[in-house]
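See below for the structure under consideration.
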Amino acid sequence: MIKSYFDLLTSKILLETTVEVLKDESVDKFFHKLADKSLPILKFDAWSVLEVEDKERVKFVAVSDFYQRFDVEKIEKKLSFQDFALYNVVLNTKRWKYIKDVSKTRAWVPNNRISSWIGIPLLFDSKVYGVLSLDYFKIKRLGLKEKLFLDNFQRNFSKIASDFRQLKELFYQKYIDQLTSLKNRHFIEEFFESNKERVGLIFCDLNKFKSINDTYGHRFGDEVIKVVAKRLKNVLKSTDQVVRYGGDEFIIITKNVDKIHVIINRIKNIIKKYDIIIDGKKVNLGISCGYAIFPDDGTDLWEILHIADLRMYEEKKKE
């Protein structure tokens, strides 16, 4: 009976928070509301949510009011180079972790007032998005009810977050380029960590884009980038992934490897053939593309990206 109660309680908290926060579309507000609803049960003193992009890069996506007084970026840098950090235990096990006395560990903590700590993995489709850290300024002893709450909270967060499409999209904003709404470099790095299929990578760079920025300004340049992104999306298949890698660089991932030269020609034609007109100003752009095949040309992203980059610059010399 008591297990069913906490299953229903955590489901209610998570669903209510999800419905409320989708109106604002803010990850920060999501976790503030979630913390407010969980506080009566877990009675923590401060909290934070840490997104772990890789083992050497961490970022806070939300913090409690207590941490607003600190230099959060400085803490991120410090955490990024720790040999042992509390969140690593959670990442490795994908299970919530309770440490009764933090002073007895060799972990660096951002606040010397922390006595006890709880870390909860935030899972989407069995992958860890980040870690919710709960800080206690006095030694905390966990009772059975709190342990059951944590068990059900972790399980139900994973279930609701994975099933609730709008919530998943909200959290996956880290994979989206804010200017163009294309995928970004975070997406492509994670794609190649798990991809086993044969795919083609096309690396594209706009020609003479710097002169457009210098002549018309960066705001105009941003509008040009958005037009290019839209044209790329329109000319490619829905199964192709279009990524803004940075600046005026774009990457296309395609499973249609045998027709990669056809795809490149299609890209070059759609960019070169039609002028871009913004606020009465007309510009004409070219685009240079190079390609590499995974795993034919290389077995990881950086190998094939290097080869595609070299081929792209060879193409650019001909322009």
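Can you work out which of the residues in the range 19-59 that are modelled with pLDDT of 90 or more and assigned to a loop (DSSP other than H, G, I, E, B) is farthest from ILE75 (Cα to Cα)? Applying the filter and picking the extreme gives LYS43. Could you go through the range 195-205 and let me know if any residue there is buried (at least 19 other Cβ atoms within 10 Å of the Cβ), under 29 Å from TYR129 (Cα atoms) and not hydrophobic (A, V, I, L, M, F, W, C). The answer is yes; a qualifying residue exists. Output yes when any residue across the range 277-288 is part of a strand (DSSP E or B), exposed (fewer than 14 other Cβ atoms within 10 Å of the Cβ) and free of Cβ contacts under 8 Å to residues at least 40 places away in the same chain, and no when none is. There is at least one residue in the range 277-288 that is part of a strand (DSSP E or B), exposed (fewer than 14 other Cβ atoms within 10 Å of the Cβ) and free of Cβ contacts under 8 Å to residues at least 40 places away in the same chain.
In the condition set (1) over 30 Å from VAL49 (Cα atoms); (2) hydrophobic (A, V, I, L, M, F, W, C); (3) in contact (Cβ under 8 Å) with a residue 60 or more places away in the chain; (4) assigned to a helix (DSSP H, G or I), ILE188 is compliant with all but (1).
Selection of the range 239-276 for residues being surrounded by fewer than 20 Cβ atoms within 10 Å (Cβ to Cβ), part of a strand (DSSP E or B) and hydrophobic (A, V, I, L, M, F, W, C) yields only ILE276. Residues considered: PHE164, PHE157, PHE153, PHE171. Of these, the only one that is at pLDDT below 80 and within 23 Å of LYS59 (Cα to Cα) is PHE171.
The values are calculated or read from the model by the stated rules, or taken from the named source; none is laboratory data. Just so it is clear, the structure is predicted and the values come from calculations on it, not from any experiment. For neighbour counting, all protein chains shown are included, and Cβ atoms are generated from backbone atoms with ideal geometry for every residue, glycine included.
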